[in-house]
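Note sheet for the following structure.
All of the numbers you see were taken from the coordinates with simple rules; none came from a lab. This is a predicted model, so every value here is computed, not measured. Don't worry about glycine lacking a Cβ; one is built from the backbone with ideal geometry, like all the others, and counts go over all protein chains shown.
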Amino acid sequence: MGPAAARRAGSEERVVQFVCVGRVGDLGPGEMKAVKAGRHIVGIANVEGGWYAFDDTCTHEEASLTEGELYDYIVECPLHGATFDIRTGSVESFPATVPLPTYDIRIVDDEIHVATEPRERA
Ligand code: FES
């Protein structure tokens, strides 16, 4: 499946590419996994029927967040226990201090499509 492009408003118009990373049946409620979206490894999660995408690498050191735990919208790093809100990327507890990049994610028919670049922060 080829990437789909969408235009997005901003201070500068930019093209956001989406790639198909799987099907909705791949991930049950409360589950997450790492996928490749362009040049990024992205964690995707299904929480109460909503879909979320975030950088899989913790902003504290090099650890895969999808190897940690997911508590509702909070992912806990398996290495030192920092937590992030996967909806916004905000840090919820130390030792991380830098927010987690998040990505647009959408469902097209039964396919999961993730943006290949993170959202721009306000
Ligand atoms: S690497 Fe994630 S909290 Fe340290």
### Query
Measuring from label point to label point, each 7 Å out along Cα→Cβ, what is the K36 to E120 span in nm?
2.8
### Query
Relative to the compact globular guide of 2.2 N^0.38 Å, what is the alpha carbon radius of gyration of the chain, as a ratio?
1.02
### Query
What list do you get for V35, V42, V15 if you sort them by fewest beta carbons within 10 Å?
V15, V35, V42
### Query
Along the Cα-to-C-beta direction of Y71, a point sits 7 Å from the Cα; which residues of the stretch 92-106 have their amide N less than 11 Å from that point?
93
### Query
Across the stretch 61-70, in residue order, what do the Karplus-derived ³J(HN,Hα) couplings come to in whole Hz, using 6.51 cos²θ - 1.76 cosθ + 1.60 with θ = phi - 60° and x for Gly and Pro?
9, 8, 9, 7, 5, 6, 8, x, 10, 10
### Query
Can you run phi through the Karplus equation (6.51, -1.76, 1.60; θ = phi - 60°) for the stretch 36-42 and list ³J(HN,Hα) in whole Hz, with x for Gly and Pro?
9, 10, x, 9, 10, 8, 10
### Task
Would you mind putting 96-103, 20-27 in packing order, based on average other-beta-carbon counts within 10 Å, highest first?
96-103, 20-27
### Query
Dividing the Cα radius of gyration by the Kirkwood radius, what Rg/Rh value follows for the stretch 21-86?
0.94
